[in-house]
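The values are calculated or read from the model by the stated rules, or taken from the named source; none is laboratory data. Here the structure is a predicted model, which means the values were calculated and not measured. All Cβ positions, even for glycine, are placed from backbone atoms using ideal geometry, and neighbour counts span all protein chains on display.
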Amino acid sequence: MFDLIIRGDRVVTPHGTGKWDVAVKDGKIAALGAPGSLGEASRVIDATGKIVMPGGVDPHVHCAWHIPSLEEGGEATQSAPPSQVSRAALYGGTTTLLDFAAGETGQSVPDMIETRDEDWAGKCYCDYAYHIMLRGAVPPSVIGELGEAVQAGYPTVKVFTTDITPSRRGRMVHFGDIWEILKELAKHGGLGVIHSEDNDIVMHMYEKLFREGRAGFENLAEVHNTLSEDISFRRVIRLAENIEGSALYMMHVSAATGVAAIAESRARGFPIYGETLHQYLLYNSDDYKRPNGQMYHTYPSLKSQSDQAALWDGARAGSINTVATDEVCCTLSVKVQGKQIDDTTGGNAGVEPRISVMYTEMVEERGFSLEQFVDLTSSNAARIMGMYPRKGAIAVGSDADITVLDPNEKRTVRQEDLHETDYTPWEGREVSVWPTLTVLRGKIMVENGEFFGAESDGQYLKRSIPEAIRRGPAL
């Protein structure tokens, strides 16, 4: 007897969408069969008329993340902890989160991981993993530890090509060190994860706008601009293309210039993948002028409507492969505390409405197929990050991570209905579906708005990047 059968007429599998019974046993998908063909189960859930998809995968979140005080001598704060964010994620149909293990300059990679475990282990409702994050001057000894980390199941390494703001000096990794990091990752089967902006351009624009008396945050798009993305993407890509076995994942692509750089590299056969954020797809630099316009910001900045159009085109064409959140869950007062181009809080509270918003905007508004939608919000992140088909697939042997979206649950997004914080940048947005069931490894975590999870439910995911992903643009 199975533990659970979910019966649906729009079940999204790696082989297409159809009528399937999805049988769960011991936390795994044990069988798929024609309706009524699989025998008995302890519980059968009828999902007819709904969308049955693999649980969402968000490859870019920042939980328990340092947020500096804007007052000299003031106390820094932190973004919401994994328990708060993962609970909201499950309410929204996301079952896997990828955060970052970062350390102080010179700290060993094992120490970075151990320190991050203190924030996450036993404190997360859903499954999770880390990208290793290297910042500033990276000693050769730390670069030398990356091969062992890749083999131990930590195969993705993030670097910054900019300090982002003048107050964040020490984030940028110098280009020579990036070269050495990518060579080490290539040797051992890892993946370079890049926050890519041209530091000279960005810092020049900070100085220029301050000098001109135009330092309000509404001018952020002039600082973190499309030229910066163009120059930086092409410089990193040129470097990586000259390292045999190298592969790249470009985080939070925000501009048409970034989309074009990725597409051209993919056309040359290089294994490069693009991530954008739902706020880049649906908000632009004009939104900075709205009340509390900081709500819509993350780094790099929002861009123009034409950049948004390029991101949508890239999502169709394959140069944009994932839609993430860059989640930094904080209160509204913290999110809008900065008023200038150099002190605006980045990130967003968006993990809960991501699936519903993107279904509405992709499938209902723009005619994306269900398979394309699932790829962009779940399966592709699992593939690129080395979790597929354990995650991101409704297939025999996969973890029974399942989300059911109900078209009868059309609603207006309201902060008071969510489980993240005291604001949402998606306030007032109409969505055409909402998750009514979220299953994590066979356990029902959310059903019809009732939560059944425990903080001990989340498991860390050791990962390995598939050769196909590293050999060429596989998606």
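All but one of (1) surrounded by 17 or more Cβ atoms within 10 Å (Cβ to Cβ); (2) not in a loop (DSSP other than H, G, I, E, B); (3) not small (Gly, Ala, Ser) hold for GLN337, so report the exception by its number. The failed condition is (2). Scanning region 257-270 turns up one or more residues that are of a type in the set (Val, Ile, Thr), over 19 Å from LEU418 (Cβ atoms), out of contact with any strand residue (DSSP E or B) (no Cβ under 9 Å at 6 or more places or on another chain) and touching a residue at least 24 places away in the same chain (Cβ under 8 Å).
Just one of the listed residues (ALA137, ALA121) is among the hydrophobic types (A, V, I, L, M, F, W, C) and closer than 30 Å to VAL446 by Cα, and it is ALA121. If you filter region 276-292 down to residues that are surrounded by fewer than 22 Cβ atoms within 10 Å (Cβ to Cβ) and out of contact with any helix residue (DSSP H, G or I) (no Cβ under 6 Å at 6 or more places or on another chain), you find that the one that is nearest to THR226 (Cα to Cα) is ASP286. You will find that of ARG168, ARG211, the residue that is assigned by TED's automatic domain parsing to the domain that holds PRO110, among the basic types (Lys, Arg) and at pLDDT 95 or above is ARG211 and no other. Does THR115 satisfy the criteria of being of a type outside the set (D, E, K, R) and surrounded by fewer than 22 Cβ atoms within 10 Å (Cβ to Cβ)? So THR115 passes the test.
The sole residue among VAL22, VAL52, VAL57 that is outside any loop (DSSP other than H, G, I, E, B), in contact (Cβ under 8 Å) with a residue 40 or more places away in the chain and within 30 Å of ASP119 (Cβ to Cβ) is VAL57. Between GLU197, GLU222, GLU264, GLU241, the distinction of being closer than 16 Å to SER301 by Cα, out of contact with any Asp or Glu (no Cβ under 9 Å at 6 or more places or on another chain) and of a type outside the set (Val, Ile, Thr) belongs to GLU222 only. For region 137-207, the helices (runs of 4 or more DSSP H) that sit wholly inside it and include 2 or more residues that are in contact (Cβ under 8 Å) with a residue 12 or more places away in the chain and touching a His at 6+ places or on another chain (Cβ under 9 Å) are 146-151.
For every residue, the table says whether it meets (1) surrounded by 23 or more Cβ atoms within 10 Å (Cβ to Cβ); (2) on the phi > 0 side of the Ramachandran plot; (3) at pLDDT below 95; (4) not β-branched (Val, Ile, Thr).
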residue	(1), (2), (3), (4)
VAL363	no, no, no, no
ALA381	yes, no, no, yes
LEU405	yes, no, no, yes
ASN408	no, no, no, yes
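Inspect region 426-444 for any residue being touching an Asp or Glu at 6+ places or on another chain (Cβ under 8 Å) and of a type in the set (Phe, Trp, Tyr) and give the result as yes or no. Scanning region 426-444 turns up at least one residue that is touching an Asp or Glu at 6+ places or on another chain (Cβ under 8 Å) and of a type in the set (Phe, Trp, Tyr). Among the residues of region 251-298, those that are within 20 Å of the chain's Cα centre (by Cα), in a loop (DSSP other than H, G, I, E, B) and not small (Gly, Ala, Ser) comprise MET251, HIS252, VAL253, PRO271, TYR283, ASN284, HIS297, THR298.
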